[in-house]
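The values are calculated or read from the model by the stated rules, or taken from the named source; none is laboratory data. Since the model is a prediction, treat every value here as computed from it, not as a measurement. So basically every Cβ, Gly included, is an ideal-geometry build from the backbone, and we count neighbours across all protein chains shown.
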Amino acid sequence: MSATSAAAANPSGCDRFLVNLQTDDFALFGLTPQFAQDKAALDVQWKALQAQAHPDKFAAQGPAAQRVAMQWSARINEAYRRLKDPLTRAAYLCELNGASINAHSNTAMPARFLLQQIEWREALDESYTEAALQALLASVNTAKMDLLGQCEQLLDVQHDYAAAVLPVRCLMFMDKFAHDLNQRLDALA
């Protein structure tokens, strides 16, 4: 298709975007849909996509082209935020493959995990020094890395998206706790 016919087929002037706004994040970024991702490559691709979609590049083509570019820019940023974070990437992979996380309606968790959460909460309540809080954070980060390893195994090796839902939900609880813990650390500073 020539440049003239491409422009006629897409009057907004954004003919360089061959995928639609509804495509999944991995396809948008040209990535294999898997949990393990190279963050540096993801960053490079995000910058390249943003360079193509920046609304200022379409200023000469009018407001309609700029609106389409703005939609693309927002869509690229949304996908980037989801893909760069291992937890949201794991949840997204589960959802893409029909395994709903149901984080707001399914609160059932393994007893062992709940006991660990209680112990961490008690430790947080009893920690008054930066050293104690840092030790607790190290414990949480170790457990988080173990769960992320489980996610990678379940998602990328076994392709068992339904089984990955539980570690993803556990990670969501841990992220909330880590946030609270970091707030306590910040308050000490």
If we scan the range 90-109, do we find a residue that is of a type in the set (D, E, K, R) and within 22 Å of the chain's Cα centre (by Cα)? yes
Determine which single condition Pro33 fails, assuming it passes every other condition in (1) assigned to a loop (DSSP other than H, G, I, E, B); (2) free of Cβ contacts under 8 Å to residues at least 60 places away in the same chain; (3) not polar (S, T, N, Q). (2)
Any chance the range 141-148 includes a residue that's in contact (Cβ under 8 Å) with a residue 60 or more places away in the chain and not small (Gly, Ala, Ser)? yes
Restricting attention to the range 146-168, report how many residues are over 19 Å from Leu83 (Cβ atoms) and of a type in the set (D, E, K, R). 2
Tally of residues being touching a residue at least 60 places away in the same chain (Cβ under 8 Å) and more than 14 Å from Leu166 (Cα to Cα) across the range 63-97: 3
Qualifying residues in the range 143-154 (those that are over 15 Å from the mean Cα position of the chain (by Cα) and of a type outside the set (Lys, Arg)) - the one nearest to Leu115 (Cα to Cα): Ala143
From (1) surrounded by 17 or more Cβ atoms within 10 Å (Cβ to Cβ); (2) at pLDDT below 95; (3) not small (Gly, Ala, Ser), pick out the condition that doesn't hold for Pro110. (1)
Among the candidates Ala40, Ala65, Ala53, Ala69, which residue alone is loosely packed, with under 13 Cβ neighbours inside 10 Å, farther than 24 Å from Lys176 by Cα and among the hydrophobic types (A, V, I, L, M, F, W, C)? Ala40
Where the second residue is among the hydrophobic types (A, V, I, L, M, F, W, C) and surrounded by fewer than 16 Cβ atoms within 10 Å (Cβ to Cβ) and the first is within 24 Å of Glu95 (Cα to Cα) and lies in the range 162-189, which pairs have Cβ atoms under 6 Å and are six or more apart or on separate chains? Met172/Ala103
Take the range 115-151 and flag every residue that is closer than 19 Å to Val165 by Cβ and surrounded by 13 or more Cβ atoms within 10 Å (Cβ to Cβ). Gln116, Gln117, Ala143, Lys144, Leu147, Leu148, Gln150, Cys151
Confirm whether Leu31 is outside the structural domain of Leu148 (by TED's automatic domain parsing), under 28 Å from Asp160 (Cβ atoms), in contact with a Lys or Arg (Cβ under 9 Å, 6 or more places away or on another chain) and surrounded by 15 or more Cβ atoms within 10 Å (Cβ to Cβ). no
